[in-house]
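As structure tokens, the structure follows; a few thoughts come after it.
The values are calculated or read from the model by the stated rules, or taken from the named source; none is laboratory data. Because the structure is predicted, anything quoted here is derived from the model rather than measured. Heads up, the Cβs are rebuilt from the backbone with ideal geometry, glycines too, and the neighbour counts pull from every protein chain shown. Each accessible area value is taken on the protein alone, full model and side chains, heavy atoms only, with ligands, DNA and RNA left out. Shrake-Rupley method; radii C 1.70, N 1.55, O 1.52, S 1.80 Å.
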Amino acid sequence: MAADLTCPTNVLESALQQLDDAAALVDLHPDVHAKLRKPRRTLTVSIPTRMDDGRLEVFTGIRVQHNMDRGPCKGGMRYHPCVTVDEVTALAMWMTWKCAVVNIPYGGGKGGVICEPMQMSERELENMTRRFASELVEIIGPEQDIPAPDVNTDERVMGWLMDTYSMQKGYSVPAVVTGKPIAIGGSLGRAKATGRGIVFVTREALRTRGIPVEGARVVVQGFGKVGGAFAELVEELGAKVIAVSDVTGGLFNANGLPIGELSAYTKQNRFIEGFEGGEPITNEELLTLECEVLVPAALENVLTVANAPHVSAKLVVEGANGPTTPEAGRILIDRGIFLVPDILANAGGVTVSYFEWCQGLQMLFWTEEEVNRRLEDVMVRAYHEVHGRSCDLQTDMRNAAMAVAVERVAEAIMARGIYP
Ligand code: GLU
């Protein structure tokens with residue numbers, strides 16, 4: 001099944017607009033504002049890759065390091081046909097804010113390769129990843145930039161990245177990536193951390209709005225690493241997942257889909273298509289279903305001016321990065337829908353990445369309970385800091401999260417000064 005090839009556009013414009021809005025809100029120093037509008041460094045490389053049929057395919061790989069003032073750059077690597085320099089730049093900028101919102105000592109980075117991983121064999125993916133990693137050796141590392149999984153990359157890809165980097169250095173460097181297999185220093189709890197973090201903020205947001213979690217109807221767009229884990233964990237909390245979708249379409253069941261069975265089905269069949277526990281619906285129908293919580297957990301620009309007027313959720317919790325265009329966000333907020341922004345909602349992944357990095361640097365590993373407990377502390381504290389700020393500033397949660405983040409980054413920039 002090929003991915004949906006309607007590529008998101010103008011994502012960088014959205015990210016810059018959000019920064020400009022936050023700058024006005026917190027009266028950001030113009031020098032700091034100017035610095036933050038540009039990434040610190042952008043690297044584009046060609047990745048010659050031997051394919052299974054003997055051909056040489058030359059892919060394009062990108063790594064953007066947006067900001068390093070609070071610590072090394074941190075962020076995922078995505079493999080997708082829609083990857084562009086602008087998209088990766090926006091995603092890197094969002095990582096800077098995300099790390100600042102949850103107050104972990106990192107700046108933001110992101111990477112990607114323009115490719116169609118669904119149509120590549122494991123060997124082709126490995127060849128491509130290893131060549132990309134060797135092109136990145138000079139600019140990544142535990143002290144400067146630490147990649148992690150993102151769309152269509154997983155612990156296997158992180159293992160190849162870590163191994164290639166380590167082979168070039170001549171010794172093992174587990175802390176160069178996070179989201180790696182447990183056998184080489186990965187953290188317990190990392191695989192489901194983004195989904196678990198979304199559950200914590202959804203629970204807090206429902207409480208804020210006086211809506212019981214028990215029986216809350218939840219709709220999830222995207223049933224991958226993030227949406228799939230979120231659906232499982234939110235069901236455990238007593239909510240009812242009435243619809244989910246992936247690139248093959250959606251499934252609806254007013255009584256709640258059996259998420260455990262659906263997850264087992266997708267492990268076998270990769271996609272949700274053909275599962276018999278619900279009625280088929282389109283992705284567009286899914287986005288406008290009546291529910292308490294809508295979680296877009298796939299790609300950018302899913303909620304737009306076209307569908308935002310018809311969204312019938314009480315809460316929109318952004319599991320993906322940038323799923324709502326700025327105009328759609330304004331429509332949702334004007335319609336009284338409570339929007340929990342991506343940089344807060346999906347920060348659980350990078351938070352446990354930080355835990356993985358800390359454990360790796362100390363060679364001292366925590367139990368899964370310890371990881372999950374610390375994740376809950378971070379997410380709940382961040383949610384209430386942002387919510388408190390939105391009450392003080394009388395603004396929505398996105399502006400408030402941006403205000404908290406931009407102020408933290410600005411404080412670091414001012415404390416360091418501009419070199420030379
Ligand atoms: N790709 C994830 C994100 O967008 C995780 C990044 C990380 O763990 O560094 O937040």
* Highest average packing first - 306-313, 413-420, 345-352, Cβ atoms within 10 Å -> 345-352, 306-313, 413-420
* Residues with beta-carbon under 13 Å from that of Ser263, excluding Ser263: net charge, scoring Lys, Arg +1 and Asp, Glu -1? -> -1
* **Tensor-based shape of region 132-203 (alpha-carbon gyration tensor, a/c under 1.5 rounded, otherwise prolate or oblate)** => prolate
* Give, in nm to one decimal, the length gained when the segment between Glu369 and Glu276 is fully stretched (0.36 nm per residue of separation minus the Cα-Cα distance). => 30.0 nm
* Can you pull the Rg over Rh of region 84-243, Cα-only, Kirkwood? -> 1.02
* **Where Rh is the Kirkwood radius over Cα pairs, Rg/Rh for region 26-117** => 1.10
* Debye log10 I(q)/I(0) at q = 0.08, 0.14 Å⁻¹ for the chain, Cα point scatterers -> -0.40, -1.32
* Structure fact -> Here the gain from full extension of Arg41 to Glu116, 0.36 nm per residue of separation minus their alpha-carbon distance, amounts to 24.4 nm
* Viscosity 0.692 mPa s, temperature 37 °C: Stokes-Einstein D of region 188-250 from its Kirkwood Cα radius, in µm² per second? -> 276
* Any idea what Rg and Dmax come out to for region 296-420 if you just take the C-alpha atoms, in Å? -> 17.2, 53
* What number comes out for the charge environment of Ile139, summing +1 per Lys or Arg and -1 per Asp or Glu over other residues with Cβ under 11 Å away? -> 0
* Over region 244-365 - Rg/Rh using Cα atoms and the Kirkwood inverse-distance radius -> 1.05
* Shape parameters for region 180-316, alpha-carbon atoms, Rg then Dmax in Å -> 14.7, 48
* Net +/- balance of residues flanking Gly195 in space, Cβ distance below 12 Å, scoring K and R +1, D and E -1 -> +1
* With only Lys, Arg, Asp and Glu charged, each at its Cβ (+1 for the first two, -1 for the last two), find how big the charge dipole of the chain is about the Cα centre; round to the nearest 20 debye. => 980
* Estimated FRET transfer efficiency when R0 is 35 angstrom, pair Met167-Cys391 (beta carbons, to 0.05) -> 0.10
* To do: Calculate, for Asp154 and Ala415, the FRET efficiency according to 1/(1 + (r/R0)^6) with r their C-beta to C-beta distance and R0 35 Å; round to the nearest 0.05.
  => 0.40
* To do: Would you look at the GNM of the chain, springs on alpha carbons closer than 10 Å, and say which of Ala24, Ala183, Ala231 moves the most?
  => Ala183
* Under a GNM of the chain (C-alpha, springs under 10 Å), which listed residue has the highest mean-square fluctuation: Glu318, Glu13, Glu369? -> Glu369
* What does the accessible area per residue of the chain come to in Å², with a 1.4 Å probe and no ligands, DNA or RNA counted? -> 40
* Asked: Using a probe of 1.4 angstrom, how much of the accessible area of the chain is carbon and sulfur, in percent?
  -> 50
